[in-house]
There are 4 protein chains.
Amino acid sequence: MNKQINAPSGRPRSIHVDQAILQATLDLLAEVGYQSMSIEAIASRAGVGKTTIYRRYTSKEELVADAIESLRDDLAIPDTGSFWGDMDIIINHAAQKIDSPLGRQTIALIISTASSNPQFAEVYWTKYTKIRREALSKVLKRAKSRNEIHKDADIDLVIDLLSGSLYYALIFKPITEPVEAYMRRTMNLLLKGIGHGE
Amino acid sequence: MNKQINAPSGRPRSIHVDQAILQATLDLLAEVGYQSMSIEAIASRAGVGKTTIYRRYTSKEELVADAIESLRDDLAIPDTGSFWGDMDIIINHAAQKIDSPLGRQTIALIISTASSNPQFAEVYWTKYTKIRREALSKVLKRAKSRNEIHKDADIDLVIDLLSGSLYYALIFKPITEPVEAYMRRTMNLLLKGIGHGE
Amino acid sequence: MNKQINAPSGRPRSIHVDQAILQATLDLLAEVGYQSMSIEAIASRAGVGKTTIYRRYTSKEELVADAIESLRDDLAIPDTGSFWGDMDIIINHAAQKIDSPLGRQTIALIISTASSNPQFAEVYWTKYTKIRREALSKVLKRAKSRNEIHKDADIDLVIDLLSGSLYYALIFKPITEPVEAYMRRTMNLLLKGIGHGE
Amino acid sequence: MNKQINAPSGRPRSIHVDQAILQATLDLLAEVGYQSMSIEAIASRAGVGKTTIYRRYTSKEELVADAIESLRDDLAIPDTGSFWGDMDIIINHAAQKIDSPLGRQTIALIISTASSNPQFAEVYWTKYTKIRREALSKVLKRAKSRNEIHKDADIDLVIDLLSGSLYYALIFKPITEPVEAYMRRTMNLLLKGIGHGE
DNA sequence: TGCTAATCGAGACGGTACGTCAAGTCTTAAG
DNA sequence: CTTAAGACTTGACGTACCGTCTCGATTAGCA
């Protein structure tokens with residue numbers, strides 16, 4: 001009963017080929033960057049015909065999105081019992097991801113593509129960003145319920161500030177301090193605020 | 001004593017041509033976007049030979065950077081006497097800049113190019129971003145001296161959060177609310193903080 | 001035993017394209033001449049990408065050489081039984097070839113290219129000139145065996161004189177008489193000589 | 001009375017510049033050949049602005065024609081009293097001219113340009129070829145009057161054969177024998193003829 | 001002696017064509 | 001029907017020269 005809907009006649013697609021393509025894509029992404037990475041180079045690196053790639057993906061964006069998706073790690077949402085306990089884990093995890101050639105290229109790519117191509121902003125948002133936001137969101141909600149942060153704090157906006165400043169710093173500021181330290185400073189500022197309360 | 005460093009020989013460069021090139025660049029940037037904008041199209045739109053462009057700029061990035069630079073407005077730093085008075089002006093100014101096809105394209109471009117090309121991050125930082133940061137910085141310092149915000153608040157970091165979240169929202173979030181409203185919400189969050197004081 | 005040296009993989013070259021390129025080349029050669037004939041024009045006339053031409057030929061010379069080669073007629077060596085009978089046929093054949101826009105352009109081209117490019121002199125010599133010389137040579141040898149011309153006459157040199165003077169006249173002398181007449185006068189002079197015998 | 005038609009006011013043209021241009025032209029002609037010789041290169045080699053060249057010549061052909069003209073030697077017509085005496089001088093002179101890089105380039109150029117550009121065939125004919133033909137012509141006429149050659153020999157045609165075969169050999173035949181030897185063989189053949197007389 | 005006008009070098013200008021590269025489509029033979 | 005290979009059209013790239021056009025700076029001869 002669980003036959004494939006349309007019984008595929010002829011030679012089936014090779015999964016080795018699938019993997020070779022994704023791997024070649026990731027390799028080249030880390031080596032030469034998104035812009036200077038040609039489909040032809042990917043094909044040749046993967047030992048595959050161009051046609052074989054075009055049969056699977058209709059654009060470089062799609063291909064790369066899939067390649068990045070392929071190495072998504074299933075981020076376990078931490079639950080240590082304290083806000084800073086959870087945050088430390090999230091921050092360390094993020095920092096570790098970012099501090100590699102592929103990690104930086106990936107972020108640069110996501111921002112770059114997304115900013116000039118709204119329809120791929122959507123794709124990346126779902127495949128990459130959303131997961132992380134959900135983890136953060138859960139952690140913040142728990143902190144709320146533990147009364148560690150204001151119960152009327154705008155969690156979504158907090159995440160915007162946290163993520164936004166991180167990306168902003170990664171793009172525009174030469175590396176002055178470790179990613180972890182920067183994120184902790186940010187979180188602290190958000191906790192205390194800069195006004196005088198009433 | 002006459003400071004003529006190098007008497008320029010040969011026919012001098014035409015400023016009409018300079019302007020035509022920059023204008024064509026801005027037009028096309030708004031119309032078709034950075035990626036699909038060819039030097040050939042710019043040349044033809046400007047009524048100019050390709051050589052004439054290549055004589056001035058060695059890359060599309062350089063050209064576009066200069067074009068954007070050319071429409072830099074000399075942002076007067078507001079001084080209304082109150083923090084929110086100043087902020088309103090800055091926010092309105094920013095919103096007005098952003099809410100135009102060219103404005104959005106420009107921001108997308110800056111982020112996109114900068115994120116995949118560190119050396120142009122530098123250029124844009126200086127030509128475009130720095131000026132706005134300095135205005136914000138001055139306003140925040142004055143607010144500090146008026147005791148409207150904490151005197152030990154990390155101004156640089158505050159600006160990172162403000163700018164970062166704005167860019168982040170512009171890229172990843174479909175337009176749900178006016179830019180002004182979003183920026184005001186952000187500023188409020190920063191003032192109050194999300195923690196419970198000491 | 002099957003002599004297929006390298007089994008060709010990939011899409012084979014299209015013979016339609018081959019022909020279109022050669023035809024466009026010959027057309028333009030006759031219309032605008034060798035110098036002002038651009039590869040781009042040939043490509044567009046043939047309805048073909050520039051790359052497709054560059055895949056086959058590395059230079060305009062090569063392309064044109066091949067185009068000319070393509071219209072080589074398989075000159076049948078005449079054998080009428082008499083020297084002048086044979087010569088008449090050869091002369092008429094030559095004259096007919098020369099008296100057309102393409103014919104003149106071809107000769108001009110061959111001489112022009114060959115004189116400034118020794119390696120193409122070689123090509124043209126083999127593809128174009130040699131065949132005609134061989135025909136002439138055979139005819140002259142038969143005339144020798146029939147005792148119509150001296151048995152110690154230097155046939156190669158005779159052909160040089162015949163061909164050389166023809167080309168020379170074509171280049172430098174405005175058309176005063178039909179090609180046939182000129183060639184016959186030349187041949188006569190060669191037969192009689194200008195000296196007084198021994 | 002014999003004043004220059006239009007008294008030239010303003011700065012007169014510099015003869016140093018004239019010479020520098022011609023010299024640079026000849027140098028480059030011998031070095032890189034006619035085709036790959038750009039006006040820009042000539043100007044730069046001569047230490048002269050492009051305008052200065054275009055003020056004097058309207059085309060590369062004109063310029064080169066003048067450069068070649070500038071080194072015309074005033075071929076004295078020999079008169080030794082015997083046909084072969086005169087011929088030896090002419091042959092030696094020709095051979096000496098031809099056996100140098102510039103000499104070969106010049107001939108190649110003349111033939112090449114002339115064959116693809118009838119209006120320059122005219123120019124070269126007058127400036128270069130005609131002089132040599134007249135010398136030959138005079139020598140042949142004297143030989144006639146001395147009864148060394150037939151009195152009804154077609155002198156013009158003889159010269160065509162002599163010149164034509166020489167050019168032909170220079171272009172198409174790899175150097176097998178000295179120019180002098182070849183010319184002497186040709187002359188001999190012409191004297192004796194290849195037929196059997198009546 | 002100073003004026004006038006064409007010259008000079010330099011190099012910018014709008015163009016044309018170059019030869020290269022990659023994009024995405026297509027056509028083979030082999031599996 | 002997929003695959004690897006590679007030919008195909010298209011279009012932009014960045015370069016080299018073309019012939020024309022400004023520039024400021026020399027020069028001569030005429031006034």
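The values are calculated or read from the model by the stated rules, or taken from the named source; none is laboratory data. Not measured: the values here are computed from a predicted model. Positions of Cβ are generated from backbone atoms using ideal geometry, with glycine treated the same way; all protein chains shown enter the neighbour counts.
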Within region B:65-99, work out how many residues are of a type outside the set (Val, Ile, Thr), within 30 Å of B:ASP27 (Cα to Cα) and in contact (Cβ under 8 Å) with a residue 60 or more places away in the chain.
-> 6
Could you please find all residues in region C:155-179 being within 16 Å of the chain's Cα centre (by Cα), farther than 11 Å from D:SER163 by Cβ and free of Cβ contacts under 8 Å to residues at least 60 places away in the same chain?
-> C:ILE159, C:ASP160, C:LEU162, C:SER163
Being more than 21 Å from C:SER116 (Cβ to Cβ) and crowded, with 20+ Cβ neighbours inside 10 Å narrows D:ILE77, D:ILE110, D:ILE53 down to just D:ILE53
Has region B:3-26 got any residue that is surrounded by fewer than 18 Cβ atoms within 10 Å (Cβ to Cβ), among the hydroxyl-bearing types (Ser, Thr, Tyr) and either under 30 Å from A:GLY103 (Cα atoms) or touching a Ser or Thr at 6+ places or on another chain (Cβ under 6 Å) (or both)?
-> no
What is the residue count in region B:136-154 for residues that are under 20 Å from the mean Cα position of the chain (by Cα) and crowded, with 19+ Cβ neighbours inside 10 Å?
-> 3
What are the pairs, 6+ residues apart or on separate chains, where a residue within region B:1-26 that is modelled with pLDDT of 95 or more has its Cβ under 9 Å from a residue that is within 12 Å of DNA strand F (Cβ to nearest atom) and not in a helix (DSSP H, G or I)?
-> B:ALA20/B:SER14; B:ILE21/B:TYR57; B:THR25/B:MET37
